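A.B. asks: Quick one: the structure is below, and I'll ask about it shortly.
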Amino acid sequence: MQTHPKKRIDVIVEAPLMRRIIDRLDQADVSGYSVMPIVAGRGHDGLWTADGQISNATQMVAVVCITDASRVDDILNSIFGVISNQIGFVTISDVAVVRPERF
Amino acid sequence: MLDLAFQNLLSPMVLFFVLGLLAAFGRSDLSIPEAIAKLLILYLLLSIGFRGGAEVAHHGLTGQLVTTIAAGILLSFAIPFIAYALLRATTGLNATDAASVAGHYGSISAVTFVAVTGVLAHLSIPYDGYLVAVAAAMETPAILAALLIARRMTASGDRIANGDFLREVAFNGSIVLLIGAFAIGAITGERGMAMLKPFIVDAFPGFLCLFLLDMGLVAGRGLKQGWRYLSIAVAGFAVVMPLIAAASAAATATLIGLSVGSTAVLMTLAASASYIVVPAAMRLALPAANPAIALTLSLGITFPFNLLVGIPLYIALATRIAQ
């Protein structure tokens with residue numbers, strides 16, 4: 001099956017920032033994204049788990065979108081203002097898709 | 001006083017909270033599913049909101065309502081400045097963390113509000129129903145005060161503090177439900193209360209026990225995880241600050257002439273610290289602040305302190321000083 005190269009942007013960010021990230025992705029006119037809760041992890045401050053957290057202030061989410069390489073800089077510039085000082089990270093990776101017209 | 005403290009400590013609500021704490025410290029796998037815990041807090045907010053509104057419908061609105069709301073807003077706005085000064089003078093916290101913690105202590109804990117109303121009901125001490133509206137009004141001024149402090153002391157705190165941010169804070173779910181249920185209770189009055197009494201009054205103590213069991217688990221686990229961020233001075237702040245805030249509220253309540261029950265509620269509101277609304281707001285407005293410090297203090301120390309010691313103490317003091 002023929003596949004097509006695209007870029008995948010993963011934004012792991014604090015849950016209170018989620019709506020702002022999504023707003024920026026909508027403004028950047030991305031064709032789609034997914035949001036997933038993070039269950040647990042380990043960072044600069046040691047082990048962390050979402051279990052038993054009463055406030056969403058200490059929850060993390062992953063926002064994932066797949067886009068064309070030509071659009072990556074625009075999208076990153078758009079969301080960087082929201083996440084630059086927050087806990088979390090952003091990664092860009094190469095992926096292959098089978099229906100390129102959707103991204 | 002001792003009798004009151006004893007009654008409080010041996011109430012099923014407090015004992016279920018202690019059970020949760022012990023289970024957390026003992027690393028038990030006991031847990032309340034997250035969705036059920038959220039349903040419980042929705043139920044508790046709906047119940048106290050509706051009952052407050054129904055009582056206002058019964059007794060009518062008085063000028064005291066406006067005065068008490070204004071006093072609550074003033075307390076919520078002023079307490080962060082006291083908390084910030086205390087933290088900077090007695091602990092090694094930096095200005096940003098101190099501003100964030102101060103914001104938590106100016107705002108209120110709805111669950112502590114529920115707890116004090118439960119104890120007052122148990123002791124047959126009446127309080128004014130409109131204090132539900134006062135509780136809602138005291139949620140957000142502290143956030144603005146914390147941002148003012150941070151802006152002045154750290155040249156930050158205004159990055160996301162725009163209209164969108166303020167709308168999010170003002171219309172957060174707990175405030176909407178509390179005020180909404182209050183309005184519905186006020187509109188439907190005694191007829192509404194007669195319809196919902198088995199749900200929102202008779203079942204209330206049982207649901208409160210279940211919720212406080214969960215809060216014991218959450219507080220115990222939060223304290224275990226966050227203890228490493230706290231020095232003795234910072235941990236001590238979480239016990240001293242509620243007493244200072246309660247004393248300020250007692251003076252305010254005396255000034256405006258609140259009843260014994262209402263004075264106890266206002267003292268408890270001022271002494272409580274937020275661990276749901278403010279932490280999320282602070283992550284947006286003061287991202288450089290360490291969220292674990294404020295949450296561990298408010299949820300792990302101040303909430304249990306208020307539940308076990310503070311509430312009976314505030315009721316006893318209110319009994320002596322109020323009309």
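The values are calculated or read from the model by the stated rules, or taken from the named source; none is laboratory data. Every value quoted in this text rests on a predicted model; they were computed, and no experiment measured them. Cβ atoms come from the backbone with ideal geometry, glycine included; neighbour counts cover every protein chain shown. When the accessible area is computed, the model is the full protein with side chains, heavy atoms only, and any ligands, DNA or RNA have been set aside. Shrake-Rupley method; radii C 1.70, N 1.55, O 1.52, S 1.80 Å.
A.B. asks: Looking only at region A:48-56, decide whether some residue is at the interface with chain B (Cβ under 8 Å from one of its Cβ atoms), open to solvent by less than 20 Å² (accessible area, probe 1.4 Å), closer than 22 Å to residue B:285 by Cα and in contact (Cβ under 8 Å) with a residue 12 or more places away in the chain.
C.D. replies: no
A.B. asks: Would you confirm whether or not region B:203-212 contains a residue that is in contact (Cβ under 8 Å) with a residue 40 or more places away in the chain and within 14 Å of another protein chain (Cβ to nearest Cβ)? Quick ask: steps written out before the conclusion?
C.D. replies: If we filter region B:203-212 for residues that are in contact (Cβ under 8 Å) with a residue 40 or more places away in the chain, which is where we start, we get B:204-205, B:207-212.
With within 14 Å of another protein chain (Cβ to nearest Cβ) added as a condition, the list becomes B:211-212.
Within region B:203-212, one or more residues are in contact (Cβ under 8 Å) with a residue 40 or more places away in the chain and within 14 Å of another protein chain (Cβ to nearest Cβ).
A.B. asks: Follow-up question, since we're still on this one. Please pick out the residue among A:29, A:74, A:23, A:94 that is open to solvent by 40 Å² or more (accessible area, probe 1.4 Å) and part of a loop (DSSP other than H, G, I, E, B). Give the derivation first.
C.D. replies: Values: A:74 fails: part of a loop (DSSP other than H, G, I, E, B); A:23 fails: part of a loop (DSSP other than H, G, I, E, B); A:94 fails: part of a loop (DSSP other than H, G, I, E, B).
Result: A:29 is the single residue among A:29, A:74, A:23, A:94 that is open to solvent by 40 Å² or more (accessible area, probe 1.4 Å) and part of a loop (DSSP other than H, G, I, E, B).
A.B. asks: Here is a check on your reading of the model: is residue B:32 outside any helix (DSSP H, G or I) and either touching a helix residue (DSSP H, G or I) at 6+ places or on another chain (Cβ under 6 Å) or over 22 Å from residue B:312 (Cβ atoms) (or both)? Reasoning before the result, please.
C.D. replies: Working: outside any helix (DSSP H, G or I): yes; either touching a helix residue (DSSP H, G or I) at 6+ places or on another chain (Cβ under 6 Å) or over 22 Å from residue B:312 (Cβ atoms) (or both): yes.
Yes: the conditions hold for residue B:32.
A.B. asks: A follow-up question, please. Filter region A:57-71 down to the residues that are among the hydroxyl-bearing types (Ser, Thr, Tyr) and open to solvent by less than 60 Å² (accessible area, probe 1.4 Å), then identify the one that is nearest to the other protein chains (Cβ to nearest Cβ). Spell out how you get there, then give the answer.
C.D. replies: Quick first cut of region A:57-71, residues among the hydroxyl-bearing types (Ser, Thr, Tyr) only: A:58, A:67, A:70.
Cutting the leftovers down to open to solvent by less than 60 Å² (accessible area, probe 1.4 Å) gives us A:58, A:67.
Values: A:58: 6, A:67: 25 Å.
Of everything passing the filter in region A:57-71, A:58 is nearest to the other protein chains (Cβ to nearest Cβ).
A.B. asks: Something else about it: Run residue A:15 past the list (1) of a type outside the set (Ser, Thr, Tyr); (2) open to solvent by less than 40 Å² (accessible area, probe 1.4 Å); (3) within 13 Å of the chain's Cα centre (by Cα); (4) away from chain B (no Cβ under 14 Å) and report the number of the one that doesn't hold.
C.D. replies: It is condition (4) that residue A:15 fails.
A.B. asks: If I ask for residues that are assigned to a loop (DSSP other than H, G, I, E, B) and either at the interface with chain A (Cβ under 8 Å from one of its Cβ atoms) or within 18 Å of the chain's Cα centre (by Cα) (or both), which ones from region B:271-289 would you list? Step through it out loud before you land on a result.
C.D. replies: Just the residues of region B:271-289 that are assigned to a loop (DSSP other than H, G, I, E, B), to begin with: B:272-276, B:286-289.
Those that are assigned to a loop (DSSP other than H, G, I, E, B) and either at the interface with chain A (Cβ under 8 Å from one of its Cβ atoms) or within 18 Å of the chain's Cα centre (by Cα) (or both): B:272, B:273, B:274, B:275, B:276, B:287, B:288.
A.B. asks: Considering region B:168-214 alone, what residues qualify as being of a type in the set (Phe, Trp, Tyr), within 23 Å of residue B:34 (Cβ to Cβ) and buried (at least 18 other Cβ atoms within 10 Å of the Cβ)?
C.D. replies: Within region B:168-214, B:204, B:207, B:211 meet the criteria.
A.B. asks: Next question, about the same structure. Being assigned to a helix (DSSP H, G or I), open to solvent by less than 20 Å² (accessible area, probe 1.4 Å) and more than 10 Å from chain A (Cβ to nearest Cβ) narrows it down to one residue among B:307, B:217; which is it? Walk me through how you get there before you give the answer.
C.D. replies: Working: B:217 fails: more than 10 Å from chain A (Cβ to nearest Cβ).
So the residue among B:307, B:217 that is assigned to a helix (DSSP H, G or I), open to solvent by less than 20 Å² (accessible area, probe 1.4 Å) and more than 10 Å from chain A (Cβ to nearest Cβ) is B:307.
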